[in-house]
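Enquirer: Please read through the structure below; I'll follow up with questions.
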Amino acid sequence: MTDQREVAIVRWPDQSSSAEDGLAGLLTAYHLRTEAEKGEAVADVHGLPEHYQAEILAPRTVFVDDAVLLALSGDTVVGCLVVTAPTGGRSEIKRLWTDPAFRGRGIASGLLGAALAHTAESGVSGLRLSVWKWRTGAIALYERLGFVITESWDERDQLICMERAV
């Protein structure tokens, strides 16, 4: 489990450029890795689809209505997760990512716990997410936290959709 003195989970802490730069770095790593895993590797941010580039270059604009949760080790952003604004009583988890150098410390679990607490406080009744089928470790984590595989709302091949009540 994560030593909470070492890593803190916060909601988009301030307007600091270091937090925004850290989030941009994690989102870049997330999207580049995902594209490579799908067999569509690109060299840098400019090779990503425009909507992913926008997340990286202007996260405060793209996620303006969403809750952005960050895991901080000191002033360094080491993990992130986005909880979308509620629609129809449900929110969605997106962009869960931990810096590989910080994996195995419970950061993803901490971010998910914070997301569950946030959605409960927001009056959301359900939380959903999608995950690529080859990310078996993530799927196991989601299942441990009560998410179950459900009928897909996304037509992309190899994408698993999961949900749980809050």
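The values are calculated or read from the model by the stated rules, or taken from the named source; none is laboratory data. Here the structure is a predicted model, which means the values were calculated and not measured. Don't worry about glycine lacking a Cβ; one is built from the backbone with ideal geometry, like all the others, and counts go over all protein chains shown.
Enquirer: Determine whether Ala24 is without any contact (Cβ under 8 Å) to a residue 60 or more places away in the chain, surrounded by fewer than 14 Cβ atoms within 10 Å (Cβ to Cβ) and closer than 25 Å to Gly137 by Cβ.
Expert: no
Residues are listed down the side, and each one gets a yes or a no for (1) in contact with a Lys or Arg (Cβ under 8 Å, 6 or more places away or on another chain); (2) hydrophobic (A, V, I, L, M, F, W, C); (3) buried (at least 18 other Cβ atoms within 10 Å of the Cβ); (4) within 18 Å of Ser130 (Cα to Cα):
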{"site": "Leu32", "(1), (2), (3), (4)": "no, yes, yes, yes"}
{"site": "Glu40", "(1), (2), (3), (4)": "no, no, no, no"}
{"site": "His46", "(1), (2), (3), (4)": "no, no, no, no"}
{"site": "Thr76", "(1), (2), (3), (4)": "no, no, no, no"}
{"site": "Gly88", "(1), (2), (3), (4)": "no, no, no, yes"}
{"site": "Ala101", "(1), (2), (3), (4)": "no, yes, no, no"}
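Enquirer: Run down Ala108, Ala58 and say which single residue is under 21 Å from Ser18 (Cα atoms), more than 12 Å from the chain's Cα centre (by Cα) and not β-branched (Val, Ile, Thr).
Expert: After ruling out the rest, the residue left standing is Ala58.
Enquirer: Further, regarding this structure: Report, ordered by the first and then the second residue, all pairs with beta carbons closer than 7 Å, sequence separation of six or more or different chains, a first member in region 58-70 that is farther than 23 Å from His46 by Cβ, and a second member that is surrounded by fewer than 18 Cβ atoms within 10 Å (Cβ to Cβ) and hydrophobic (A, V, I, L, M, F, W, C).
Expert: Cβ pairs passing all conditions: Asp65/Ala85; Asp66/Ala85; Leu70/Val10.
Enquirer: Give the residues of region 114-152 that are under 22 Å from Val68 (Cα atoms), surrounded by fewer than 13 Cβ atoms within 10 Å (Cβ to Cβ) and touching a residue at least 24 places away in the same chain (Cβ under 8 Å), sorted by residue number.
Expert: Within region 114-152, Ala120, Gly123 qualify.
Enquirer: Next question, about the same structure. List the number of the failed condition for Ile9; all other conditions in (1) out of contact with any strand residue (DSSP E or B) (no Cβ under 6 Å at 6 or more places or on another chain); (2) closer than 25 Å to Arg144 by Cα; (3) among the β-branched types (Val, Ile, Thr) hold.
Expert: All conditions are met except number (1).
Enquirer: Still on this model: Output the residues belonging to region 145-164 that are under 19 Å from Ala115 (Cβ atoms) and of a type in the set (Ser, Thr, Tyr).
Expert: Thr150, the sole residue that qualifies.
Enquirer: For region 79-100, give me the residue count where each residue is hydrophobic (A, V, I, L, M, F, W, C) and modelled with pLDDT under 95.
Expert: Residues that pass the stated criteria total 1.
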